[in-house]
Amino acid sequence: MESMSSSQGAMPLESDTVFVQSQTFAPLSARRLLLLGGMGLILVGMIFGDIFAVFVLHQNAARVGASLAAASHAALGGDSAAVVKNFQNVGSFLENRGTKVDTHVHIIAFGYVALMLALLVPWMTLSATTKKRLAWLLLCGAGLLPLCVFLIHYVGLAYSPLQAIGWASIFADLGGLLVIVALAGFLYGLVKRFLSAERAPVEDELLAGSSATGRSLLAGGSFLVLLGFLHGTYYAAVDLYRHEALDYAILSQISVGAAGENTTAVESALAAYGRLQGDKAVNIAAHAHIIEFGLLAMLLAYFQPYVNLRAAWKQRWAVVLLLGSVLLPVCVLLELNYGLVAGGLADIAGLLVIVAMLAMWIGILRYTGKLDAGGAT
Amino acid sequence: MSGARRLLLTGGIVLALWGMSYGLWYAVFAEHQALEEIGSSLARGFSGAAARNIALAEASLRQYQQAKYVYDRQVDVHGHWIGLAMVLVVAGIGLDRLAFSERIKMLLSVTALLGSFLFPLGVLLQTLNRGNGPRAVAILGSALIIAALGTFALGFARKPAA
């Protein structure tokens with residue numbers, strides 16, 4: 001593969017220009033740990049999200065819908081005990097879904113935090129060892145919290161010393177605490193430098209560089225965030241209040257229909273409720289994903305000097321990342337009308353983003369290998 | 001570091017801390033109560049229907065609607081303050097790559113920061129007052145953000161002068 005054999009090429013790499021001066025990217029330095037760890041977290045979170053979308057999300061939504069329908073039918077039959085039981089089932093399914101969404105969201109969010117910290121590392125007045133320890137602490141917490149959140153549904157209250165909180169929740173909180181401690185340490189380093197009277201200007205090769213790929217990702221990322229914000233504004237202006245009114249109206253129709261033993265009214269209201277929930281879910285997912293992908297593209301733009309691939313391949317992977325970032329939310333929006341076809345395309349778009357990120361991550365690994373072997377001069 | 005860049009970075013970090021503090025307060029003192037209210041009022045509404053008590057069912061669903069209206073906005077505010085703060089910091093880091101004058105960069109930074117604070121604030125105020133005032137604040141905030149983000153995208157896309 002051309003992208004994997006660039007170091008022997010005749011043309012100099014853009015990353016070569018920063019080899020000699022890269023003092024902040026030494027082996028196991030805080031910046032390297034945070035960058036590779038952060039990208040790794042985002043990759044794991046995205047792969048988990050893709051698996052969740054294919055194998056869990058729709059099946060779980062169907063179970064929630066079925067339990068709500070069962071509660072409605074119980075109300076129709078005048079069986080209050082069955083109503084309560086079915087609502088408990090809804091709660092359990094929502095908890096299952098919620099913990100998986102939280103796992104996906106938290107891994108990726110911690111990845112973003114790690115990337116942002118990797119950029120800010122040179123501005124922190126802390127020793128290299130302290131920065132490195134804080135980076136490890138952050139990465140450990142960022143791994144522990146989502147893993148334990150994922151396990152909450154399965155572990156439950158088994159062997160727990162507490163009545164309401166299980167071991168998985170306790171360890172998830174511990175992960176959160178590790179992240180907070182690490183962030184507080186990094187923030188202390190930033191504030192210390194900010195308050196210092198004799199601070200020297202920071203020369204950071206990452207921020208000085210402005211390659212075509214970096215510019216594409218930065219501009220493309222900003223544009224994606226803008227698109228996401230415009231979509232959110234449109235949704236708030238046109239759909240939000242209508243959806244909120246419909247939510248109440250449909251539930252009211254179910255309860256009045258059930259009280260009046262009107263099966264037809266209950267059935268039609270249940271179908272409408274399912275469509276409404278689907279409409280809300282795709283809009284929220286599209287809004288969140290396009291903005292997050294935009295932010296990811298902007299963050300990755302800054303690290304392009306570390307991606308040890310040919311300039312042409314770097315540009316291609318940037319285009320693939322941006323393409324997947326646009327396609328995924330658009331296909332998610334189209335899921336209401338085109339069902340599984342659009343859903344499948346959304347999953348493929350997610351895969352494009354994952355592959356592009358993986359390529360960049362490998363490029364950075366190649367850069368670190370070259371740097372550790374003595375650099376290119 | 002230029003004034004515009006410092007404003008975006010400091011403003012972004014302060015806004016993120018503000019959003020997290022709000023989230024912490026909300027999680028400790030309000031969220032569980034809100035979720036309990038939503039779940040119990042919905043179940044009560046359906047139980048009322050099972051007991052053929054339409055008045056109870058309607059009243060319970062009204063309670064559900066009110067609780068959900070407030071809950072959705074309070075959660076959105078938390079997410080938007082922190083999300084917008086991250087955008088400010090990331091844009092601030094690369095502000096020197098913007099092919100604009102310092103004056104325009106400063107104007108852009110003020111616009112982005114003000115919009116990022118006002119938009120979620122307007123949404124939060126809607127939980128206290130459902131009139132046009134809070135909506136106007138939210139619309140003003142989002143307009144400022146859209147203007148700033150559009151200009152950021154254009155500025156980042158422009159090739160810097162050699």
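The values are calculated or read from the model by the stated rules, or taken from the named source; none is laboratory data. Not measured: the values here are computed from a predicted model. Glycine also receives a Cβ, built like all others from the backbone with ideal geometry; neighbour counts cover every protein chain displayed. The protein model used for the area step is the full one, side chains on, heavy atoms only, and it has no ligands, DNA or RNA in it. Shrake-Rupley method; radii C 1.70, N 1.55, O 1.52, S 1.80 Å.
Tally up the residues in the range A:135-171 that are on the phi > 0 side of the Ramachandran plot and hydroxyl-bearing (Ser, Thr, Tyr), please.
Looking only at that region, the number is 1.
Go through B:Ala143, B:Ala148, B:Ala99 for me and flag whichever is over 22 Å from B:Tyr69 (Cα atoms) and outside any helix (DSSP H, G or I). Exactly one residue qualifies, and that residue is B:Ala99. Could you say whether any residue in the range A:126-135 is of a type in the set (A, V, I, L, M), buried (at least 17 other Cβ atoms within 10 Å of the Cβ) and part of a helix (DSSP H, G or I)? Yes.
Regarding the range A:234-249, can at least one residue be identified that is aromatic (Phe, Trp, Tyr) and farther than 19 Å from A:Val332 by Cα? I'd like the intermediate steps shown before the answer.
The initial filter retains those residues of the range A:234-249 that are aromatic (Phe, Trp, Tyr), namely A:234-235, A:241, A:248.
Those still in the list that are farther than 19 Å from A:Val332 by Cα too: A:241, A:248.
Yes, there is a match, as at least one residue in the range A:234-249 is aromatic (Phe, Trp, Tyr) and farther than 19 Å from A:Val332 by Cα.
Filtering the range A:160-206 to residues that are farther than 27 Å from A:Gly143 by Cβ and part of a loop (DSSP other than H, G, I, E, B) leaves A:Gln163, A:Ser196, A:Ala197, A:Glu198, A:Arg199, A:Ala200, A:Pro201, A:Val202, A:Glu203, A:Asp204. For the residues B:Arg52, B:Arg62, B:Arg44, the requirement of being within 9 Å of chain A (Cβ to nearest Cβ), open to solvent by 70 Å² or more (accessible area, probe 1.4 Å), free of Cβ contacts under 8 Å to residues at least 60 places away in the same chain and in contact with a helix residue (DSSP H, G or I) (Cβ under 6 Å, 6 or more places away or on another chain) singles out B:Arg52. Being more than 9 Å from chain B (Cβ to nearest Cβ) and crowded, with 18+ Cβ neighbours inside 10 Å holds for only one residue in A:Ala258, A:Ala269, and it is A:Ala269. Can you name every residue in the range A:329-377 that is among the β-branched types (Val, Ile, Thr) and more than 18 Å from A:His58 (Cβ to Cβ)? Selection gives A:Val330, A:Val353, A:Ile354, A:Val355, A:Ile362, A:Ile364, A:Thr368, A:Thr377. For the range A:103-119, the criterion of being open to solvent by 70 Å² or more (accessible area, probe 1.4 Å), within 14 Å of another protein chain (Cβ to nearest Cβ) and more than 17 Å from the chain's Cα centre (by Cα) is satisfied by no residue at all.
Considering only residues that are of a type in the set (Val, Ile, Thr) and surrounded by fewer than 22 Cβ atoms within 10 Å (Cβ to Cβ), which ones fall in the range B:90-109? Within the range B:90-109, just B:Ile104 meets the criteria.
How many residues, within the range A:72-94, are of a type in the set (Phe, Trp, Tyr) and facing another protein chain (nearest Cβ under 7 Å)? It would help to see each step written out before you state the result.
The first filter runs over the range A:72-94 and keeps only residues of a type in the set (Phe, Trp, Tyr), leaving A:87, A:93.
Narrowing further to those that are facing another protein chain (nearest Cβ under 7 Å): A:87.
Matching residues across the range A:72-94 total 1.
Name, by its number, the condition in (1) touching a Leu at 6+ places or on another chain (Cβ under 8 Å); (2) modelled with pLDDT of 80 or more; (3) among the small types (Gly, Ala, Ser) that does not hold for A:Ala70. All conditions pass for A:Ala70, except number (1).
Where residues in the range B:134-146 are out of contact with any Leu (no Cβ under 7 Å at 6 or more places or on another chain) and open to solvent by 40 Å² or more (accessible area, probe 1.4 Å), which of them is farthest from the other protein chains (Cβ to nearest Cβ)? Checking each candidate, the answer is B:Ala136.
Check whether at least one residue in the range B:18-30 is assigned to a helix (DSSP H, G or I), at the interface with chain A (Cβ under 10 Å from one of its Cβ atoms) and out of contact with any Cys (no Cβ under 8 Å at 6 or more places or on another chain), and report yes or no. Before the answer, list the steps.
Restricting attention to the range B:18-30, the residues satisfying the condition of being assigned to a helix (DSSP H, G or I) are B:18-30.
After this cut, where a residue has to be at the interface with chain A (Cβ under 10 Å from one of its Cβ atoms) as well, the list is B:20.
Among the residues that remain, those that are also out of contact with any Cys (no Cβ under 8 Å at 6 or more places or on another chain) are: B:20.
Scanning the range B:18-30, I find at least one residue that is assigned to a helix (DSSP H, G or I), at the interface with chain A (Cβ under 10 Å from one of its Cβ atoms) and out of contact with any Cys (no Cβ under 8 Å at 6 or more places or on another chain), so the answer is yes.
Of the residues contained in the range A:298-315, one or more are found to be loosely packed, with under 15 Cβ neighbours inside 10 Å and not assigned by TED's automatic domain parsing to the domain that holds A:Gly65. The set of residues in the range A:204-232 being open to solvent by 50 Å² or more (accessible area, probe 1.4 Å) and in contact (Cβ under 8 Å) with a residue 12 or more places away in the chain consists of A:Ala212, A:Phe223, A:Leu227.
For first residues located in the range A:233-254 and at the interface with another protein chain (Cβ under 8 Å from one of its Cβ atoms), partners that are among the hydroxyl-bearing types (Ser, Thr, Tyr) and lie 6+ apart or on another chain with Cβ distances below 6 Å form the pairs A:Thr233/B:Ser142; A:Ile254/A:Ser72. Looking across the range A:67-100, the residues that are open to solvent by 30 Å² or more (accessible area, probe 1.4 Å) and of a type in the set (A, V, I, L, M) come down to A:Ala70, A:Ala81, A:Val84, A:Leu94.
Look at B:Leu149 and say whether it is closer than 27 Å to A:Ala208 by Cα, touching a residue at least 24 places away in the same chain (Cβ under 8 Å) and facing chain A (nearest Cβ under 9 Å).
Working: closer than 27 Å to A:Ala208 by Cα: yes; touching a residue at least 24 places away in the same chain (Cβ under 8 Å): yes; facing chain A (nearest Cβ under 9 Å): yes.
Criteria met by B:Leu149.
It is to be established whether one or more residues within the range B:33-41 are of a type outside the set (Ser, Thr, Tyr), open to solvent by less than 70 Å² (accessible area, probe 1.4 Å), in a helix (DSSP H, G or I) and within 8 Å of chain A (Cβ to nearest Cβ). Checked the range B:33-41: at least one residue is of a type outside the set (Ser, Thr, Tyr), open to solvent by less than 70 Å² (accessible area, probe 1.4 Å), in a helix (DSSP H, G or I) and within 8 Å of chain A (Cβ to nearest Cβ).
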